[in-house]
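Just below is one structure, and these are the notes that go with it.
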Amino acid sequence: MVVWILCCGVLACGAFNGAFHPPFHRTSLSQINTVQSGPGRELIQRELGTGEQLIWQISEVGSANFVMIAEIDGLFSVENLKKSLDEIQNRHPLLRVSIQPDKEHPRFIESQTKEIPLRMVEFQDSEPFPNYWEEEANTEMNTPFPVETGPLVRCVWVRHPDSKSTESVILISFHHVIGDGTSGIYAVSDLLESLGKIAGGEEKFIEVLPLKPSLESLTPSRFKSLCQGFKTIGLFCRQILLKLNVPSQIPKDHEVPISDIKTQIISRKIDLKTMDQLVEICHKEKTTVHGALCAALLQAARNTLKKQSGPLKLGCLSPVNLRKYLDPTLGRDIGFYVFGLTTFHHLEMDAHFWDTARSVISQLGESMKEGEPFSWSTLQDLALTSKSSAETLVKQMNSIVGATVVVSNIGKPDIHSQFGSLILKGIHYCVAGNPFSAWGMGVAATTFNDVMQLNFLYRDPSIEKDHATEIVNDFMDILVRQLDEKTE
């Protein structure tokens, strides 16, 4: 998963006054302090990495939460749910931390609140059950966490009003500083594994994992060379040019302060038949499903700017999961190990859809080949050494933001569909990006059981719901039209 934050928020221009002397703020293994606290569990202290610090500071201005939504068929009790929440909190150290807010060296420390908060909701018969999770997800995305007391995770169990119904939804909300979309998948998988075992009368047991270092301290050695330093300078120069030629943005309905913005969801699905078509055509067009999603949202954004003729520069931010690139690579650990890369495109009203889709994937591939996410680390360090306030960081970020739209695509998550007597019918997510007023629309995509869930995200009231719905409908029409043209 988003993070939606980091690609463009990493650079504060004021940090580059004077000579270029890049600091290197890294969380080393020696900076992870543990104190034994009972069998299999340790009290944790660790300094925040650079990216984690930026997210923590920016989230002081507006929510950057993400929410995992698990649709479940099967019966379990609230007591067993609480036991399973305790078990995953014991397994994953970052699910039991708060933040000690030292401006120089903020740290994760053991949370004063020992349990993951659980809230239960029962919807009324008059409300539409299929998307009854949306209201709660909207609430969870926009509700701040008590970062100084913790924990930075909470749970909502939404139940059907019919006591005989076996359907329910579990929502797990995270502060982005402790995790990403992949982390959310692992947390849901571990929770359901524990619930399934308890429901089946088995002895519950999930291995306790150690706390891992931050992303920056796991940077592969090949990206720490002098050449990589020159690439960092190149990125800085590119950002200066970007500030002089900012990509076009979706027109806003209202200019409001960040404190008034709430991220909201509009959900859609792509069925099995359409997914099969999409995968096949993407393969023929030498691109990917992610490229097609980006192309559709970019074109929908371009269509909101009909009054402007000629090619317009648009940017699309794609969060990239970095786990497989780290040294050492990570297992099923919860943590923030994602980075947002922006691709740029000059689009006419009648831009060639598949050219755009191929361009997205080509640019992302080149950025990863060059190690761009790791080159950004120095610029992130410089942003923090500027000692700017959270409000200033957000203003600077929004003044140089390079994204018109955001496409977060977790793909096919690594999770089973059955856990004992419990069946996972659907899993997807949503992400708040309230501080990022420059970004017009985003989508969080998940493919599970060959059906794609698309949770479109807009910032209300900056963009009104009717306006956002028009963009979503245009996105779907563009995608379906491209598939129809290729199958005729």
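Considering every residue within the range 133-152, establish whether at least one is part of a strand (DSSP E or B), crowded, with 23+ Cβ neighbours inside 10 Å and not acidic (Asp, Glu).
Looking for residues that are part of a strand (DSSP E or B), crowded, with 23+ Cβ neighbours inside 10 Å and not acidic (Asp, Glu), one finds none in the range 133-152, hence no.
Could you list, in sequence order, the residues of the range 215-272 that are small (Gly, Ala, Ser) and at pLDDT 95 or above?
Passing the criteria: only Ser267.
Could you tell me whether Lys286 is modelled with pLDDT under 95, of a type in the set (Lys, Arg) and not in a strand (DSSP E or B)?
no
Restricting attention to the range 158-183, which residues are assigned to a strand (DSSP E or B) and either more than 30 Å from Val320 (Cα to Cα) or of a type in the set (Phe, Trp, Tyr) (or both)?
Across the range 158-183, the qualifying residues are Val158, Arg159, Glu167, Ser168, Phe174.
Test Asn33 against the criterion of being assigned to a strand (DSSP E or B), surrounded by fewer than 20 Cβ atoms within 10 Å (Cβ to Cβ) and modelled with pLDDT under 95, and give yes or no.
In short, yes.
What is the number of the single condition among (1) over 19 Å from Glu207 (Cα atoms); (2) of a type in the set (Ser, Thr, Tyr); (3) in contact with a helix residue (DSSP H, G or I) (Cβ under 8 Å, 6 or more places away or on another chain) that Ser84 does not meet?
Going through the list (1) over 19 Å from Glu207 (Cα atoms); (2) of a type in the set (Ser, Thr, Tyr); (3) in contact with a helix residue (DSSP H, G or I) (Cβ under 8 Å, 6 or more places away or on another chain), Ser84 breaks only (1).
Among what's in the range 44-76 and is among the aliphatic types (A, V, I, L, M) and over 17 Å from the mean Cα position of the chain (by Cα), pick the residue that is nearest to Glu167 (Cα to Cα).
By that ranking, first place goes to Ile72.
Which members of the range 141-164 meet the condition of being modelled with pLDDT under 95, of a type in the set (S, T, N, Q) and under 24 Å from Ile72 (Cβ atoms)?
Correct list: Ser163 only.
For the range 38-60, how many residues meet the condition of being farther than 21 Å from Thr182 by Cβ, surrounded by fewer than 22 Cβ atoms within 10 Å (Cβ to Cβ) and touching a helix residue (DSSP H, G or I) at 6+ places or on another chain (Cβ under 7 Å)?
Within the range 38-60, residues that are farther than 21 Å from Thr182 by Cβ, surrounded by fewer than 22 Cβ atoms within 10 Å (Cβ to Cβ) and touching a helix residue (DSSP H, G or I) at 6+ places or on another chain (Cβ under 7 Å) number 2.
Can you tell me which of (1) small (Gly, Ala, Ser); (2) closer than 29 Å to Ser59 by Cα; (3) modelled with pLDDT of 90 or more is the one Ser359 doesn't meet?
Failed condition: (2).
Test Asp190 against the stated conditions and say whether it is farther than 15 Å from Ile69 by Cβ, surrounded by fewer than 16 Cβ atoms within 10 Å (Cβ to Cβ) and out of contact with any Leu (no Cβ under 9 Å at 6 or more places or on another chain).
The answer is no for Asp190.
Looking at Ala438, Ala432, which one is within 20 Å of His176 (Cβ to Cβ) and more than 15 Å from the chain's Cα centre (by Cα)?
Answer to the selection: Ala438.
State whether one or more residues within the range 258-271 are within 30 Å of Glu391 (Cα to Cα), in contact with a Ser or Thr (Cβ under 7 Å, 6 or more places away or on another chain) and part of a helix (DSSP H, G or I).
yes
Taking into account only those residues within the range 200-214 that are surrounded by 13 or more Cβ atoms within 10 Å (Cβ to Cβ) and of a type outside the set (A, V, I, L, M), which is modelled with the lowest pLDDT?
Checked the range 200-214; the qualifying residue modelled with the lowest pLDDT is Lys204.
Would you confirm whether any residue within the range 78-99 is more than 22 Å from His428 (Cα to Cα), exposed (fewer than 15 other Cβ atoms within 10 Å of the Cβ) and hydroxyl-bearing (Ser, Thr, Tyr)?
There is no residue in the range 78-99 that is more than 22 Å from His428 (Cα to Cα), exposed (fewer than 15 other Cβ atoms within 10 Å of the Cβ) and hydroxyl-bearing (Ser, Thr, Tyr).
Give just the number: which of (1) at pLDDT 90 or above; (2) surrounded by fewer than 16 Cβ atoms within 10 Å (Cβ to Cβ); (3) over 23 Å from the mean Cα position of the chain (by Cα); (4) not aromatic (Phe, Trp, Tyr) does Glu127 not satisfy?
Only one criterion is unmet by Glu127, namely (1).
Among the residues of the range 431-486, which ones are small (Gly, Ala, Ser), under 20 Å from Ser248 (Cα atoms) and assigned to a loop (DSSP other than H, G, I, E, B)?
Within the range 431-486, Gly433, Ser437, Ala438, Gly440, Ser462 meet the criteria.
Please pick out the residue among Asp460, Asp484 that is among the charged types (D, E, K, R) and under 21 Å from the mean Cα position of the chain (by Cα).
Among Asp460, Asp484, only Asp460 is among the charged types (D, E, K, R) and under 21 Å from the mean Cα position of the chain (by Cα).
The values are calculated or read from the model by the stated rules, or taken from the named source; none is laboratory data. Nothing here was measured: the structure is a model prediction, and the numbers come from that model. Using ideal geometry, Cβ is built from the backbone for each residue, glycine included, and neighbour counts are taken over all protein chains shown.
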